[in-house]
């Protein structure tokens, strides 16, 4: 799924153009779980649970330099390092602060109930801090949608599929 564009590794995602607003296109992608991509498919418990929750759709507004129209399919990309940084900020910082607060509370000899509250305080503090850091980073670097780029029109590839094997 990664592609090299100007020597930058990109994570690609397919989407559908749902609106065109002047020089911008709104592209909708669908968040999906890993379920359905293995041999077990619908017969495992995880896929059943994943099916209970609605499919979440994400919209991103990007500069329409490919002159896409409503209904076209497009491939968008995000730099792997941006995705990794975001994941670290969203997951690792809150968990690290949760553990740190719990360790400090334990070293102070505080009881289990208060220790639990301290660890939850660390978790929520980490979530708040990571949210503020990412919001400030977006303000300094531009919006997050500028870190996501429109790579190519996928409608052309869909309509001109070659089948190299006859048989």
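Can we say residue 133 is surrounded by 11 or more Cβ atoms within 10 Å (Cβ to Cβ), farther than 25 Å from residue 14 by Cβ and modelled with pLDDT of 95 or more? No: the conditions fail for residue 133.
Taking the criterion of being under 19 Å from the mean Cα position of the chain (by Cα), within 17 Å of residue 12 (Cβ to Cβ) and at pLDDT below 95, would at least one residue in segment 88-100 satisfy it? The answer is no; no qualifying residue exists.
Which one is nearest to residue 29 (Cα to Cα), of the residues in segment 69-127 that are assigned to a helix (DSSP H, G or I) and touching a strand residue (DSSP E or B) at 6+ places or on another chain (Cβ under 7 Å)?
At the first step, the residues of segment 69-127 found to be assigned to a helix (DSSP H, G or I) are 80-107, 112-127.
Checking which are touching a strand residue (DSSP E or B) at 6+ places or on another chain (Cβ under 7 Å) leaves us with 80, 83.
Details: 80: 18, 83: 16 Å.
If we take residues in segment 69-127 being assigned to a helix (DSSP H, G or I) and touching a strand residue (DSSP E or B) at 6+ places or on another chain (Cβ under 7 Å), then 83 is nearest to residue 29 (Cα to Cα).
The values are calculated or read from the model by the stated rules, or taken from the named source; none is laboratory data. Owing to the predicted nature of the structure, the values given are computational and were not obtained by experimental measurement. Ideal geometry is used to build each Cβ from the backbone, glycine not excepted, and the neighbour counts take in all protein chains shown.
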